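The values are calculated or read from the model by the stated rules, or taken from the named source; none is laboratory data. Computed from a predicted model, the values in this text were never measured in an experiment. Cβ: placed from backbone, ideal geometry, glycine included. Neighbour counts: every protein chain shown. Accessible surface is based on the protein model in full, side chains and every heavy atom, while ligands, DNA and RNA are left aside. Shrake-Rupley method; radii C 1.70, N 1.55, O 1.52, S 1.80 Å.
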Amino acid sequence: MAYILDNIYQEAKKAMVKPIMVLEEEFKKIRGAKASPSMIENCKVEIDQKFVPLKNISSISTPDARTIIISPWENKTLSAIEKAILKENINITPQNDGKVVKLILPQLTEETRKELVKTIKQKCEEAKVAIRNIRRDYLEKLKKLEKDGEISEDDSKEGELKIQEFTNKAIKKVDEMFKEKEKDIMTI
């Protein structure tokens, strides 16, 4: 019985990490007060009818707080990189000088900052909903195991508490991520 519960706990923990990882990836795409390579490094660039992450075909640097410079390893990929950045829809027009692609981020206005905070808040809510859905699924699994006689009622209650503990930790992590990203966006 303990083996069954341990498996359920491990699965639930692992499942609750996924929405947090997705949120981290989403946050990378949302700019803060300064430019960051993570905003575009996973941008998919079409090369020879294959899509590859930008970081795999170039070096990406930030010489100052509002500039990102993409130096491709092969000059023939410059136009493909430009197209990929435009498709990424980050509202920045790439500048191609024949050697590098330069992105100059506009100054964030107060209104833009507030919109970005709304966006991250929405993404955090989506992550919390995903975590709660995972909790519901695992609580249903526990109920089924109890109904089928594979675990006792006490084990089921203990399992519910443990899964709620995982849920609380995951939601707390999402809240911490929100506060950190909000601070990053609102910092002038």
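Matching residues to (1) over 23 Å from the mean Cα position of the chain (by Cα); (2) at negative phi:
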{"residue": "GLY149", "(1), (2)": "yes, no"}
{"residue": "GLU153", "(1), (2)": "yes, yes"}
{"residue": "SER156", "(1), (2)": "yes, yes"}
{"residue": "LEU161", "(1), (2)": "yes, yes"}
{"residue": "LYS169", "(1), (2)": "no, yes"}
{"residue": "LYS173", "(1), (2)": "no, yes"}
{"residue": "GLU176", "(1), (2)": "no, yes"}
{"residue": "GLU180", "(1), (2)": "no, yes"}
{"residue": "ILE185", "(1), (2)": "no, yes"}
Across the range 95-106, what is the number of residues that are of a type outside the set (S, T, N, Q) and farther than 16 Å from LYS55 by Cα?
-> 6
Candidate set: the range 150-181, residues that are in contact with a Lys or Arg (Cβ under 8 Å, 6 or more places away or on another chain) and not aliphatic (A, V, I, L, M); chosen: the one nearest to GLN122 (Cα to Cα) = PHE178
Count, please, the residues in the range 139-188 that happen to be of a type in the set (Val, Ile, Thr), closer than 29 Å to LYS34 by Cβ and modelled with pLDDT of 95 or more.
-> 2
ALA84 fails exactly one of (1) at pLDDT 90 or above; (2) within 21 Å of the chain's Cα centre (by Cα), namely (1)
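For every residue, the table says whether it meets (1) over 30 Å from SER156 (Cα atoms); (2) out of contact with any strand residue (DSSP E or B) (no Cβ under 6 Å at 6 or more places or on another chain); (3) surrounded by 15 or more Cβ atoms within 10 Å (Cβ to Cβ).
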{"residue": "ALA12", "(1), (2), (3)": "no, yes, yes"}
{"residue": "MET16", "(1), (2), (3)": "no, yes, yes"}
{"residue": "ILE20", "(1), (2), (3)": "no, yes, yes"}
{"residue": "PHE51", "(1), (2), (3)": "yes, no, no"}
{"residue": "SER61", "(1), (2), (3)": "yes, no, no"}
{"residue": "ALA65", "(1), (2), (3)": "yes, yes, no"}
{"residue": "GLU74", "(1), (2), (3)": "yes, yes, no"}
{"residue": "GLU88", "(1), (2), (3)": "yes, yes, yes"}
{"residue": "THR93", "(1), (2), (3)": "yes, yes, no"}
Count - residues of the range 2-34 that are within 30 Å of GLU88 (Cα to Cα), of a type in the set (A, V, I, L, M, F, W, C) and part of a helix (DSSP H, G or I) = 8
Looking at (1) surrounded by 14 or more Cβ atoms within 10 Å (Cβ to Cβ); (2) closer than 30 Å to LYS143 by Cβ; (3) aliphatic (A, V, I, L, M); (4) under 18 Å from the mean Cα position of the chain (by Cα), can you tell me which one MET39 breaks?
-> (2)
Expected single match for open to solvent by 70 Å² or more (accessible area, probe 1.4 Å) and among the β-branched types (Val, Ile, Thr) among ILE131, ILE104 is ILE104
